[in-house]
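These notes are about the structure you will find just below.
The values are calculated or read from the model by the stated rules, or taken from the named source; none is laboratory data. None of these values were measured; they are calculated from a predicted model. Backbone-built Cβ (ideal geometry, glycine too); neighbour counts: all protein chains shown.
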Amino acid sequence: LQGELYSKADHRNRIMKELGTSDVDAVDRAHRHISAVLAEIGLPFADGFPPMSGAGRDLEKAVQAFIEANPELVEALWIEAVPSASSIPVELDDAKAHWAPIPEPSGFKPSARSGWHPPGVTEIDYRVRESWNRNLAVAGERFVLAFERARLREAGMKDAVEQVSWQSQTFGDSFGYDIRSVEPDGSERFICVKTTNFGARFPFNLTHGELQRAKENPTRFHVYRVFRFSRDSKLFLLPAEQLVKENLEPVVFRTWV
């Protein structure tokens, strides 16, 4: 929240010293269980401690009590979710500098929510808030547009750079993707951009149109997950074939009257 990097090892060692234990695995499990509690109530968690199922009710109550006692943290998290006012580059010099590997699967399976949320707030869910934040979405798409052009130049495909187009900016969201680019073989690449100021494992929402496009074009549709956007703007590529196999949780329903 202070924009400072932290060392997972240093943090773990400090906690172990305070608790008087040498059990590294136990400390890591506790942190991952805390991440699971935060994830299930829609709050971001430390990227170095991916959520792990199995958190007990006592830990859940302790996390909730801490949040209730520190309401300023909730406000700080919301501020963190909003993109900074810094300008987004029109061109990038080095696409590889922003590339990141896909995180290893954590095996986390979210359970049904208890209905608890921080007091005074109808629903704190930063996944939903970020999906509504059009400024963040547009800034992330502009970044990926620059990234794709740099990627093609670095791959020796300079003639293809002009073929990269910002579809959602020109035609809206009806296509089920945001940017049309070019595959190494010259065919079209359909890119759906999902941007967050939080970590790589923070969940994101897919629309029905995006999921349908992924199923219809399993080899050419990709989600570009942009994370830590206002800090160092990293991204990884999630292919459609893997996307449809991931943990998909229905969060929006349609009703007819």
Of the residues in segment 29-67, those that are assigned to a helix (DSSP H, G or I), under 25 Å from Ala100 (Cα atoms) and among the aromatic types (Phe, Trp, Tyr) come to none
Residues that are buried (at least 20 other Cβ atoms within 10 Å of the Cβ), touching a strand residue (DSSP E or B) at 6+ places or on another chain (Cβ under 6 Å) and of a type outside the set (S, T, N, Q): does segment 168-176 have at least one? no
Within segment 232-248, the residues that are among the aliphatic types (A, V, I, L, M), under 24 Å from Asn135 (Cβ atoms) and surrounded by fewer than 16 Cβ atoms within 10 Å (Cβ to Cβ) are Leu237
Does segment 78-92 contain at least one residue that is surrounded by fewer than 14 Cβ atoms within 10 Å (Cβ to Cβ), modelled with pLDDT of 65 or more and not β-branched (Val, Ile, Thr)? yes
Any hit, segment 200-216, residues being over 15 Å from Glu141 (Cα atoms), at pLDDT 90 or above, in contact with a strand residue (DSSP E or B) (Cβ under 8 Å, 6 or more places away or on another chain) and surrounded by fewer than 17 Cβ atoms within 10 Å (Cβ to Cβ): no
Residues being in contact with a helix residue (DSSP H, G or I) (Cβ under 7 Å, 6 or more places away or on another chain) and either at pLDDT 95 or above or closer than 16 Å to Gly140 by Cβ (or both): count how many of those fall in segment 176-197. 13
Inside segment 153-257, counting only strands (runs of 3 or more DSSP E) that do not spill past its ends, which hold 1 or more residues that are in contact with a Ser or Thr (Cβ under 7 Å, 6 or more places away or on another chain)? 179-182, 188-195, 221-227
Filter pass, Phe227 being over 22 Å from Arg153 (Cα atoms), in contact with a strand residue (DSSP E or B) (Cβ under 8 Å, 6 or more places away or on another chain) and among the aromatic types (Phe, Trp, Tyr): yes
What do you reckon, is Ala160 surrounded by 14 or more Cβ atoms within 10 Å (Cβ to Cβ) and more than 21 Å from Pro250 (Cβ to Cβ)? yes
Check on His11, under 24 Å from Arg231 (Cα atoms), assigned to a helix (DSSP H, G or I), modelled with pLDDT of 90 or more and not acidic (Asp, Glu): no
Given (1) in contact (Cβ under 8 Å) with a residue 24 or more places away in the chain; (2) loosely packed, with under 15 Cβ neighbours inside 10 Å, number of the condition Phe229 does not satisfy: (2)
Test for Ala30: is it modelled with pLDDT of 90 or more, of a type in the set (Gly, Ala, Ser) and exposed (fewer than 13 other Cβ atoms within 10 Å of the Cβ): no
